[in-house]
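The values are calculated or read from the model by the stated rules, or taken from the named source; none is laboratory data. No experiment lies behind these values; they were computed from the predicted model shown. We place every Cβ from the backbone using ideal geometry, glycine too, and count neighbours over all the protein chains shown. Please note that ligands, DNA and RNA were not included when accessible areas were found on the heavy atoms of the full protein model with its side chains. Shrake-Rupley method; radii C 1.70, N 1.55, O 1.52, S 1.80 Å.
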Amino acid sequence: MALKARALYNFQSENKEEISIQENEELVIFSENSLDGWLQGQNSRGETGLFPASYVEILRSRSGSSYTDCSSSPAGSPRHDSFYTATPNPGISYQGSFEDDDDDDWDDWDDACTVVEEPRSAPGTNGHPSPNLQYPTAYGHHQHTGYRPKPALERQDSMSSSKRGSVVGRNLNRFSCFVRSGVEAFILGDVPLMSKIAEVYCIEMGSKGPQWRANPHPFICSVEDPTKQTKFKGIKSYISYKLTPSNINSPVYRRYKHFDWLYNRLLHKFTVISVPHLPEKQATGRFEEDFIEKRKRRLILWMDHMTSHPVLSQYEGFQHFLCCRDEKQWKLGKRRAEKDEMVGASFLLTIQIPTEHQDLQDVEDRVDTFKAFSKKMEDSVLQLTNVASELVRKHVGGFRKEFQKLGNAFQAISHSFYMDPPYSSDALNNAISHTGKTYETVGEMFAEQPNNDLFLMLDTLSLYQGLLSNFPDIIHLQKGAFAKVKESQRMSDEGRMDQEEADGIRKRCRVVGFALQAEMN
């Protein structure tokens, strides 16, 4: 069914499958289900084609008022929807959510904030594992942030854009994460330089190669006391968690959807960093004790990784999430994080790399080795997860039931002996009954054993599964950068490109390479 929409930003088509749209232009959307962050529709000039989903708002009416609905890249698990604020970057995917409490208004955030849903269909890639039987759809699907040029700012290179466009070819596949993440634009020098960059993330050479410079103010943060809260006189219920950062030692209380908002900000900003996944969501049983305890354990692991990462731990949005207690300041900080310009490809401008020379071929070989390792480890983690999950199922199900049956059988023997009083022996009957009860106790011990080992191991495996599954897309960005370097050098050798421009591409590729190696370490 065709829907009416309005363009939020200007978009210039780059191939025959796309159409150009102008800010505030009225559009017709043929389907609100996006394809890798792109919608198909018709502009006011009658042209039909594709344009970024996050560049438009779909106009609907609800109880006489309109609200914004922006679609983005369908990805991750088909069982998850996502909530996020509209941003001018195509190709962004967010972790899903279909919890009932996420459908309410965000009055504890910002009444003016737009919350939208996103359908999901494709299997996970950058940052998200494929579903498995025991832990299906534990995480959504992350595709890297798109880049929207800002022509008023200074370009990285002095060459004119017309010359650039005629010299270095751009990827024909405009749907690849190398293009949509903005890394292609960064490598080609098309990401505008900011007049002032307030944040800087340094990479230094360590004993095992490039590494992120450590956070000068390290800290940890506890996650405790999940508590059921209500609002609207009990109509809405949710779980809040007590967070206590060690650097301020003052607790704040956050809901899961607040974690979800932070997670989306992290995906939006850090192009070449493996952002840890949040624990999975589920539609029913959200307030059951086992689920709440499992989520708390995994949020603790997530928080431990976040606070130990040299870059993520210093992110202003993360610090705001952990420290802000005032509602007014919370909304201001939330808006500031959502308006952050140093995201996606622009984040690469904040990275300072060492002066040491690295041969690009050596870097590529190292990346290939890591790629093989991470793929093997990811497969092994998935295999161990499946085996351990099956064993948990047997412990709490099959083993427990079998020992209960055995115990009941012994009890039946004991009861039968009581039916012949002249020859019954209380000592023997009590011994048989005790044996039956002991077997029943053994069954309960089997059911409780996963709490002591397997559940904790599965929690850790889940975190690693998410971190490892991020790397294929991140490595793809580096491979794309390598290809541009080789292409530019070949064109320079043929006299079709200035050596200065080829050197600029190589220099920017070094930034991506150092960042990937630091994240590998």
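Counting only residues that are in contact with a helix residue (DSSP H, G or I) (Cβ under 9 Å, 6 or more places away or on another chain) and not aromatic (Phe, Trp, Tyr), which one in the stretch 9-22 is modelled with the lowest pLDDT?
To start, the set of residues in the stretch 9-22 that are in contact with a helix residue (DSSP H, G or I) (Cβ under 9 Å, 6 or more places away or on another chain) comprises 9-11, 21.
Still in the list and also not aromatic (Phe, Trp, Tyr): 10, 21.
On the way: Asn10: 83, Ile21: 90.
Checked the stretch 9-22; the qualifying residue modelled with the lowest pLDDT is Asn10.
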Report summary line: Restricted to the stretch 307-318 and to residues being out of contact with any strand residue (DSSP E or B) (no Cβ under 6 Å at 6 or more places or on another chain) and farther than 15 Å from Tyr464 by Cβ, the residue most open to solvent (accessible area, probe 1.4 Å) is Glu316
Requested in this report: Kindly establish whether Gln499 is open to solvent by 50 Å² or more (accessible area, probe 1.4 Å), touching a helix residue (DSSP H, G or I) at 6+ places or on another chain (Cβ under 7 Å) and free of Cβ contacts under 8 Å to residues at least 24 places away in the same chain.
Outcome: yes
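So, of the residues in the stretch 248-301 that are closer than 18 Å to Gly317 by Cα and free of Cβ contacts under 8 Å to residues at least 40 places away in the same chain, which turns out to be surrounded by the fewest Cβ atoms within 10 Å (Cβ to Cβ)? Don't jump to the end; show me each part of the working.
First pass over the stretch 248-301, keeping only residues closer than 18 Å to Gly317 by Cα: 248, 250-278, 299.
Next, from what is left, pick out any that are free of Cβ contacts under 8 Å to residues at least 40 places away in the same chain: 251, 253.
On the way: Pro251: 15, Tyr253: 13.
Across the stretch 248-301, the extreme among qualifying residues is Tyr253.
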Query raised in the report: Can you tell me which residue in the stretch 394-410 is surrounded by the most Cβ atoms within 10 Å (Cβ to Cβ), limited to those that are without any contact (Cβ under 8 Å) to a residue 40 or more places away in the chain and within 42 Å of the chain's Cα centre (by Cα)?
Result: Lys394
**Report entry** Residues (open to solvent by less than 90 Å² (accessible area, probe 1.4 Å) and either closer than 30 Å to Ile187 by Cβ or in contact with a His (Cβ under 7 Å, 6 or more places away or on another chain) (or both)) located in the stretch 322-340
**Finding:** Gly333, Ala337, Glu338, Asp340
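Please specify each residue of the stretch 347-376 satisfying the condition of being of a type in the set (Val, Ile, Thr), free of Cβ contacts under 8 Å to residues at least 60 places away in the same chain and assigned to a helix (DSSP H, G or I). Lay out the reasoning, then the answer.
If we filter the stretch 347-376 for residues that are of a type in the set (Val, Ile, Thr), which is where we start, we get 350-351, 353, 355, 363, 367, 369.
Imposing the further condition that a residue be free of Cβ contacts under 8 Å to residues at least 60 places away in the same chain reduces the set to 355, 369.
Matches in the stretch 347-376: Thr369 only.
Condition test on Val387, is it assigned by the TED database to the domain that holds Gly504, farther than 26 Å from Tyr201 by Cα and open to solvent by 30 Å² or more (accessible area, probe 1.4 Å)? Steps first, answer last, please.
Values: assigned by the TED database to the domain that holds Gly504: yes; farther than 26 Å from Tyr201 by Cα: yes; open to solvent by 30 Å² or more (accessible area, probe 1.4 Å): yes.
So Val387 passes the test.
Determine, yes or no, whether Asp426 is open to solvent by 90 Å² or more (accessible area, probe 1.4 Å) and of a type in the set (D, E, K, R). Let's see the steps before the verdict.
On the way: open to solvent by 90 Å² or more (accessible area, probe 1.4 Å): yes; of a type in the set (D, E, K, R): yes.
So Asp426 passes the test.
Every residue, every condition in (1) under 30 Å from Thr244 (Cβ atoms); (2) modelled with pLDDT under 80; (3) part of a strand (DSSP E or B), yes or no:
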{"site": "Gly169", "(1), (2), (3)": "no, yes, no"}
{"site": "Asn173", "(1), (2), (3)": "no, yes, no"}
{"site": "Phe178", "(1), (2), (3)": "no, yes, no"}
{"site": "Lys196", "(1), (2), (3)": "no, yes, no"}
{"site": "Glu199", "(1), (2), (3)": "yes, no, no"}
{"site": "Pro210", "(1), (2), (3)": "no, no, yes"}
{"site": "Pro218", "(1), (2), (3)": "yes, no, no"}
{"site": "Ser222", "(1), (2), (3)": "yes, no, yes"}
{"site": "Asp225", "(1), (2), (3)": "yes, no, yes"}
Query raised in the report: Restricting the search to the stretch 32-87, which residues are modelled with pLDDT under 85, part of a strand (DSSP E or B) and among the aromatic types (Phe, Trp, Tyr)?
Result: Trp38, Tyr67
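Quick one: how many residues across the stretch 473-488 are open to solvent by less than 40 Å² (accessible area, probe 1.4 Å) and not aromatic (Phe, Trp, Tyr)?
Here is the first cut: in the stretch 473-488, the ones open to solvent by less than 40 Å² (accessible area, probe 1.4 Å) are 473-475, 477-478, 480-482, 484-485, 488.
Retained after the next criterion (residues that are not aromatic (Phe, Trp, Tyr)): 473-475, 477-478, 480-481, 484-485, 488.
Of the residues in the stretch 473-488, 10 are open to solvent by less than 40 Å² (accessible area, probe 1.4 Å) and not aromatic (Phe, Trp, Tyr).
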Query - Selected residue [in a helix (DSSP H, G or I), closer than 30 Å to Lys294 by Cα and among the aliphatic types (A, V, I, L, M)] from Leu467, Leu428, Leu406, Leu477 - result: Leu467
